[in-house]
1. Scan the range 62-89 and report the pairs whose first residue is at positive phi and not assigned by TED's automatic domain parsing to the domain that holds Ala177 and whose second residue is in a loop (DSSP other than H, G, I, E, B) and surrounded by 18 or more Cβ atoms within 10 Å (Cβ to Cβ), with Cβ atoms within less than 8 Å and a gap of 6+ or a chain change.
2. Do any residues in the range 116-132 that are without any contact (Cβ under 8 Å) to a residue 60 or more places away in the chain and among the basic types (Lys, Arg) have Cβ atoms under 9 Å from those of residues that are open to solvent by 10 Å² or more (accessible area, probe 1.4 Å) and not in a helix (DSSP H, G or I), where the two are at least six apart or on different chains, and which pairs are they?
3. Does any residue of the range 112-122 turn out to be in contact with a Leu (Cβ under 8 Å, 6 or more places away or on another chain), within 30 Å of His17 (Cβ to Cβ) and open to solvent by less than 80 Å² (accessible area, probe 1.4 Å)?
4. Looking at Ser153, Ser185, Ser168, Ser225, can you tell me which residue is within 21 Å of Glu98 (Cβ to Cβ), in a helix (DSSP H, G or I), modelled with pLDDT of 75 or more and among the polar types (S, T, N, Q)?
5. Being closer than 18 Å to Arg183 by Cβ, free of Cβ contacts under 8 Å to residues at least 12 places away in the same chain and open to solvent by less than 60 Å² (accessible area, probe 1.4 Å) is the requirement here; does Ala146 meet it?
6. Inside the range 67-79, can you point out the residues that are open to solvent by less than 70 Å² (accessible area, probe 1.4 Å), over 20 Å from Gln14 (Cβ atoms) and not in a helix (DSSP H, G or I)?
7. Note down all Cβ pairs under 8 Å where the first residue falls in the range 170-197 and is in the same structural domain as Glu136 (by TED's automatic domain parsing) and over 23 Å from Trp90 (Cβ atoms), the second is of a type in the set (Ser, Thr, Tyr) and modelled with pLDDT of 70 or more, and they're at least six residues apart or on different chains.
8. Please work out which one of (1) modelled with pLDDT of 90 or more; (2) open to solvent by 70 Å² or more (accessible area, probe 1.4 Å); (3) out of contact with any helix residue (DSSP H, G or I) (no Cβ under 8 Å at 6 or more places or on another chain) is the condition Gly31 fails and give its number.
Amino acid sequence: MVVKPITVYNLHKQVVHELGRLIVGGELKPGENLPREELLAEQMSVSRSALREAIKVLSAKGLIESRQKTGTRVRDAIYWNQLDADVLGWRCALMPTESFVEKLVEMREIIEPAAAAAAARRRTSAQLAALKEAYEAMAAATDLDAWAVADLSFHEHLLRAANNELMSSLFSVIETALGTYFRLSARNASNFNVALPQHLKVYEAVQRKQPEVARQAMVNLVHDSRKNIRRRAGKPARS
């Protein structure tokens, strides 16, 4: 294992990031013990107190566990807090695997059609205006980065318009992963803004307060996004 010396402010957060990246990236494997505290602190050029704080944070995320006699070891991925913003961020930074992307698609298929239907039932005028503004930003985007930012904003405002605080909280957790997902999907489409008409259908259904139309429009949108992702992997899309 090769770790980077930590030389910036807020040391324990930087230690969390470096060790988390190594664990999620597989350089530190499940069951593997971390080096002894004094050795690891020396390798990373941090105090032992900063290292201990980082270990506590990583333990809370489920990535590692510490035991008196056996030391600190990496846990199996099934114990990780997969919806933790940092864990998602590390996975995305390392390029999502095909399996991870498929799981994100499944999450979208479950949540977003229901959110679109709920938004069509419950949205306020202010929430509809925010959704329209996000759609217009997508329409005005001239490059992939601007499109991805606007796309993420559209889906965020849609979830907020559902007026279900659990859905809103979930978005804040998976925002990093979805942002990466939208970039991957748009990058593999014939044009990055090819999904604009589908977003318009979702918006119009929410505007007209048509829950089932909004639900189906979002189902179609997610399905086409899946096809774009699978095109990248050279595989046929599933029905």
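The values are calculated or read from the model by the stated rules, or taken from the named source; none is laboratory data. Quick caveat: nothing in here was measured; it's all calculated off a predicted structure. As a convention, Cβ positions derive from the backbone with ideal geometry for all residues, glycine included, and neighbour counts pool all protein chains shown. Accessible surface is based on the protein model in full, side chains and every heavy atom, while ligands, DNA and RNA are left aside. Shrake-Rupley method; radii C 1.70, N 1.55, O 1.52, S 1.80 Å.
1. Here the result reads Gly62/Trp80; Gly71/Leu34, each pair linking the range 62-89 to a residue that is in a loop (DSSP other than H, G, I, E, B) and surrounded by 18 or more Cβ atoms within 10 Å (Cβ to Cβ).
2. Every condition considered, the pairs that remain are Arg122/Asn163; Arg122/Asn164.
3. Yes.
4. After ruling out the rest, the residue left standing is Ser225.
5. yes
6. Gly71, Arg75
7. Filtered contacts from the range 170-197: Ala195/Ser225.
8. (2)
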